[in-house]
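What follows is one structure encoded as structure tokens, with my remarks underneath.
Every number here is computed from the coordinates shown, using simple stated rules; none is lab data. Since the model is a prediction, treat every value here as computed from it, not as a measurement. Ideal geometry is used to build each Cβ from the backbone, glycine not excepted, and the neighbour counts take in all protein chains shown.
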Amino acid sequence: MSIQFKSITELNELLDNKAISASELNQESIQLAKKYSELNCFVTLNEENAKKKSAAIKRNQKNPSLLSGIPLAQKDLFCTEGLRTTCSSKILSNFIPPYTATAVEKLEGAGSITIGKTNMDEFAMGSSNETSFFGSVHNPWKKGFVPGGSSGGSAAAVAAGIVPAATGTDTGGSIRQPAAHCGITGLKPTYGRISRWGMIAFASSLDQAGPLARNAEDCAILLNSMSGYDSKDTTSLNSEVPNFLENINQSLKGKKIGIIKEFDLSDLDTEVQERFEESKNAYENLGAEFIEVSLPNISASVPTYYSIAPAECSSNLSRFDGVRFGYRAENTVDLNELYIKSRSEGFGDEVKRRILIGTYALSAGYYDAYYKKAQQVRRLIKNDFDYVFKSVDLLMTPTSPSTAFKFESKGTQNPVELYLEDLFTISANLAGLPAISIPHGQVNSLPVGLQLIGNFLREDLLLNAAHVFQKNSDFHHAKPNLEDFK
Amino acid sequence: MDRETVRTICYLARLEIDKGKSEKIQKDLEAIIELIGTLQSIDTSDIEPLYNPLEMTAFKHEDLEISDNKKDKFLKNAAKSNEDYFLVPRVVE
């Protein structure tokens, strides 16, 4: 019996009925990863370790953890003790972390098995997975098309049915946009909900870990395990973590959903607009009410983000200097040359671009004009959200302006073209809000995603709205034809 | 953004740009600066910057002694080290 494309809930049934053992399940998951290696979604497989750990799984029949024996893939920026962690960069291509990220430790503590580390945009900088040192990931729906980014390997591995779920991180849309392009569900939780300890930092005030899965229910299962206060992360939220499965079936009757006036959807592909209208109708049929709301500063999200994120990245990535870990250039005569050569040979072009922009934005004479200015606009954007959430429960937008695109077709002449892909997703990161992307149909045989944004700590409501939609639709059951990748 | 500014930023960031790519990088940086420059038209007088969405003071954890010494594991990740230190080219003559 194939385990491909099965959800966590379905796999739990198979394990409980003893139709399959945890060992067999993980073995098959790894075989699928090998069979579809052409997708390029894994940087490193954890075969031996997964074999050992899954053989030791003893499921408690009375009260099994919903993750006991379940194979998962981790984005390759979560540190995993003893297992290579590269951030898809040459500079970390030989890095073996001496500790494990809290989020992964919690998932493994609940019994899940890490079968491998997934490909991504280098240091999570990108929206197409094309900046990876290990090569582009293919979208399982169409060879030669991007899976989105930066968590593209995780999204492709779930979409191809290799694993039922995977971890990702989202700094400006890096969970939601690849989830949309690959036709799966991806959740970016509230900033601080999941510990960032052991996540290799890109932009510390925006980065947040989260799950990518076949449906909202499975996202809730992962979120239940990943969430919680961690004293090792100084920005970890010390607030109660609800059981995200508890209210997932609640009726949506009377829920108010805001449509953001400033996002002019008439600029989008007609079919993307049509999918959006169809989903709006579907939510109305489920009892939700729509209200047009105004977020006057939301259009400034992209320039705000592309000032703040590079500034934080230039600071965070200064630790990569060739001395304590990572790639070191050969034959350097002094320490300064060692730094310059190791960094210049170790980082790819997009990472260099962002470090340079950030260095510029933080340098004397420009700090107020670019960095401080962007942080002021960020407050205006957050104030707008605070105001609209007094009158609505959720906000709804498309996840991405378009479907997945061909390799090297966007951003090669001007990087700003690719930055605009993040238009709908970025504001949730700036304000620290939770948001989810769910599949809601296709355009030209490629999936499109619907984004819901929630108020601070209201992942429960997002998962509820996503799950009820999925109970009444089949979009999340669609499977790509993988013949081209065998 | 002129060539000299790009050179200064590169030095500050300890990065070197391949000669063949420098013109393209300069053009890219100009496009990005133009994008973030659009923020100048927004009135932000009297607006406090929002550096972190949580706006809370960082938690402190108890200052406890732990006996877990990972020195060897950390040194193993360095390209060059001896038993106790990371090794770099000579700094003091």
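Descriptive notes on the structure:
- Rounded, prolate or oblate (a/c below 1.5 giving rounded, otherwise prolate when a/b exceeds b/c) for the range A:179-240 by Cα gyration tensor: oblate
- Calculated SAXS-style log₁₀ I(q)/I(0) at q = 0.13, 0.23, 0.25 Å⁻¹ - chain B, Debye, Cα scatterers: -0.96, -1.15, -1.24
- Taking Cβ atoms as reference points and 11 Å as the exclusive limit, the residues near A:Thr131 contribute a net charge of -2, counting Lys and Arg as +1 and Asp and Glu as -1.
- Gyration tensor (Cα) of the range A:156-202, equivalent ellipsoid semi-axes in angstrom: 21, 12, 9
- When the listed pairs A:Lys232/B:Lys76; A:Lys255/A:Lys479; A:Lys35/A:Lys352 are checked against a 27 Å cut-off, the alpha-carbon distance exceeds it for A:Lys255/A:Lys479; A:Lys35/A:Lys352.
- Excluding same-chain neighbours fewer than eight residues apart, the lysines reachable from A:Lys18 by a Cα-Cα span under 23 Å are A:Lys6, A:Lys51, A:Lys52, A:Lys53, A:Lys58, A:Lys62.
- Between 0 and 90 degrees, the angle of helix B:22-37 with respect to the longest Cα principal axis of chain B falls at about 70 degrees.
- The range A:49-84 versus the range A:10-47: alpha-carbon centroid distance in Å: 11 Å
- Cα-based equivalent ellipsoid of the range A:39-191: semi-axis lengths in Å, sorted from largest, via gyration tensor: 24, 17, 14
- 37 °C / 0.692 mPa s Stokes-Einstein diffusion coefficient of the range A:270-418, Kirkwood radius on C-alpha pairs, µm²/s: 170 µm²/s
- Centroid-to-centroid, using Cα positions, the range A:94-165 and the range A:249-267 are 30 Å apart.
- Pairwise Cα inverse-distance average, inverted: Kirkwood Rh of the range A:200-300 (Å): 17.3 Å
- For A:375-384, mean number of other protein chain Cβ atoms within 10 Å: 5
- For the protein assembly as shown, fraction of C-alpha pairs farther apart than 36 Å, in %: 31 percent
- Square roots of five times the Cα gyration tensor eigenvalues for the range A:366-486, Å: 30, 24, 9
- Per-residue ellipticity at 222 nm from helix content only, as computed over chain A with -39500 (n - 2.57) for each DSSP H run of at least four residues, stands at -10000 deg cm²/dmol.
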